[in-house]
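Peer 1: Below you will find the structure I want to go over with you.
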């Protein structure tokens, strides 16, 4: 199995919404973004699947060393080798990969975040930095596109947090800031006990409004000149916001079941979004002639 095949299998098996957004990319960009996604999956699985925190920390340390080797052209892991190919074509900063690993390490160091500003740092490392790397792969002309990536990453991660409240609580983690739990009079233990309540519903509504603000801010910042090159991120935004809307329409019953879109619906949203962006791109090209 080649490094690229390993990464494609990793992406496909995850069933993630990200995979559907990659399908419409040119080959070189698709190879790079799948390698990046496979890296994110590897370090995320290290934290989620290894129950011993010490072993998980050692594994994350190993990934830091692998990134160092990758940027020297000496990768040993299939993902590192696939990333080496990406580095030949795209300006991907080593520091960003290290930040992603630091974000995963935060899961080993704390199980709840006192205030939103602390959670925002986690979201930045776990998602916004991935967005910044993705922007380099997709290409951009206007530096405001980097701000778009930062805000979209926040929106996507907050959507994940809302969707995965039950799954995270089962692992002993709470990503709803402690200040918000107190604001809505929700004991931490109620979340860990997977207890639904009107107070939790109100808190999740508050979180969803916060996520919506980040989606809106991202779209407002994205320059028209870079919309088409960033169409993969727009696919992600559409799929994740549709998921968030499903949670809202379900009255935030995330403690009872996990809300997700079917593969067919994700594919349809991806196709519809790419089609729309192609149409807008053609219109923009006509205006500039």
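The values are calculated or read from the model by the stated rules, or taken from the named source; none is laboratory data. Predicted, not measured: the structure shown is a model, and the values here were computed from it. No Cβ is skipped: glycine too gets one built from the backbone with ideal geometry, and neighbour counts run over all protein chains shown.
Peer 1: Provide a single number: the residues in the stretch 54-64 that are closer than 14 Å to residue 102 by Cα and either loosely packed, with under 11 Cβ neighbours inside 10 Å or in contact (Cβ under 8 Å) with a residue 12 or more places away in the chain (or both).
Peer 2: Of the residues in the stretch 54-64, 6 are closer than 14 Å to residue 102 by Cα and either loosely packed, with under 11 Cβ neighbours inside 10 Å or in contact (Cβ under 8 Å) with a residue 12 or more places away in the chain (or both).
Peer 1: Among 192, 178, 146, which is the only one that is in contact with a strand residue (DSSP E or B) (Cβ under 8 Å, 6 or more places away or on another chain), surrounded by fewer than 19 Cβ atoms within 10 Å (Cβ to Cβ) and without any contact (Cβ under 8 Å) to a residue 24 or more places away in the chain?
Peer 2: Step by step, each of 192, 178, 146 is checked, and only 192 is in contact with a strand residue (DSSP E or B) (Cβ under 8 Å, 6 or more places away or on another chain), surrounded by fewer than 19 Cβ atoms within 10 Å (Cβ to Cβ) and without any contact (Cβ under 8 Å) to a residue 24 or more places away in the chain.
Peer 1: Return the only residue of 247, 221 being under 20 Å from the mean Cα position of the chain (by Cα), farther than 26 Å from residue 142 by Cα and either free of Cβ contacts under 8 Å to residues at least 24 places away in the same chain or surrounded by 16 or more Cβ atoms within 10 Å (Cβ to Cβ) (or both).
Peer 2: Working: 221 fails: farther than 26 Å from residue 142 by Cα.
Selected residue: 247, the only one of 247, 221 that is under 20 Å from the mean Cα position of the chain (by Cα), farther than 26 Å from residue 142 by Cα and either free of Cβ contacts under 8 Å to residues at least 24 places away in the same chain or surrounded by 16 or more Cβ atoms within 10 Å (Cβ to Cβ) (or both).
Peer 1: Continuing with this model, one more query. Failed condition for residue 204, given (1) within 15 Å of the chain's Cα centre (by Cα); (2) within 24 Å of residue 48 (Cα to Cα); (3) crowded, with 19+ Cβ neighbours inside 10 Å, with all others met?
Peer 2: It is condition (1) that residue 204 fails.
Peer 1: So is residue 216 surrounded by fewer than 16 Cβ atoms within 10 Å (Cβ to Cβ) and modelled with pLDDT under 95 or not?
Peer 2: On the way: surrounded by fewer than 16 Cβ atoms within 10 Å (Cβ to Cβ): yes; modelled with pLDDT under 95: no.
Taking the combined requirement at face value, the residue does not satisfy it.
Peer 1: Touching a helix residue (DSSP H, G or I) at 6+ places or on another chain (Cβ under 6 Å), in a loop (DSSP other than H, G, I, E, B) and buried (at least 21 other Cβ atoms within 10 Å of the Cβ): does that describe residue 75? Write out each step before concluding.
Peer 2: Values: touching a helix residue (DSSP H, G or I) at 6+ places or on another chain (Cβ under 6 Å): yes; in a loop (DSSP other than H, G, I, E, B): yes; buried (at least 21 other Cβ atoms within 10 Å of the Cβ): yes.
Here the answer is yes, as residue 75 does meet what is asked.
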